[in-house]
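Structure first, then comments.
The values are calculated or read from the model by the stated rules, or taken from the named source; none is laboratory data. Since we're looking at a predicted model, the values are computed, not measured. No Cβ is skipped: glycine too gets one built from the backbone with ideal geometry, and neighbour counts run over all protein chains shown. Note: accessible area is taken over every heavy atom of the protein model, side chains too, but ligands, DNA and RNA are not part of it. Shrake-Rupley method; radii C 1.70, N 1.55, O 1.52, S 1.80 Å.
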Amino acid sequence: MCGVNEAMMAFKIIGGISDYNAKKQAANDQAYANQQAIESANAAYLTDITNIESDRGKAAAEKVLEQFKVNMQRKAATAQALNLGFGNPTSVVQNIGYTADFDYNEITSEFLGDMEILNNQGDQAYANMKRTYNSLEPVTQPSVLGLGLEIAAAGGGYLDKPKSERLYFKDYGRQTDKV
């Protein structure tokens, strides 16, 4: 037959173990949720970087195409002007060259602007990933030592009772009923 003191000790021990297990499960659940969030953030970052690099390639191809068009237009304009006999051939070539240089600088400036925008997008994608990491709730596993101390406190509380009020461990703790 179990006495009240034994029931209280068992209740404290079982309650401590149950609390420990609940905290451990909550910590494991949080660790799993954090891992899923990290994997999602990594995937989103890689998708962003892939899109940015694709756009970078498109911008480079567009630059090459525009420069090719400008070179072809310059050659055609030079040939036409020289064939029509417009004045000094050196002046004709220089005038067309100035226009081509302006077009080249404009294309290069637009390309560099695109690269700056893409670099900023890469920085923003990385910052988004870091914000996700930083927003994760830290995981703290419950202490086994804490559980042991809780169980020991329950046992100590039981042994603190006079031996006449205990069914077990009568040779430990308070040996007499005198206070």
Counted residues in segment 1-16 being of a type in the set (Val, Ile, Thr) and surrounded by 13 or more Cβ atoms within 10 Å (Cβ to Cβ) come to 1
Say whether the condition of being open to solvent by less than 70 Å² (accessible area, probe 1.4 Å), in contact with a helix residue (DSSP H, G or I) (Cβ under 6 Å, 6 or more places away or on another chain) and over 20 Å from Thr132 (Cα atoms) is met by at least one residue in segment 17-32. yes
Could you tell me whether segment 120-129 includes any residue that is hydroxyl-bearing (Ser, Thr, Tyr) and free of Cβ contacts under 8 Å to residues at least 12 places away in the same chain? no
Does Ala100 meet the test of being open to solvent by less than 80 Å² (accessible area, probe 1.4 Å), without any contact (Cβ under 8 Å) to a residue 40 or more places away in the chain and not hydroxyl-bearing (Ser, Thr, Tyr)? yes
For Arg56: the one exception among (1) assigned to a helix (DSSP H, G or I); (2) more than 30 Å from Lys24 (Cα to Cα); (3) at pLDDT below 90: (3)
State all residues of segment 34-46 that are more than 20 Å from Asp123 (Cβ to Cβ) and free of Cβ contacts under 8 Å to residues at least 40 places away in the same chain; if no residue qualifies, say none. Gln35, Gln36, Glu39
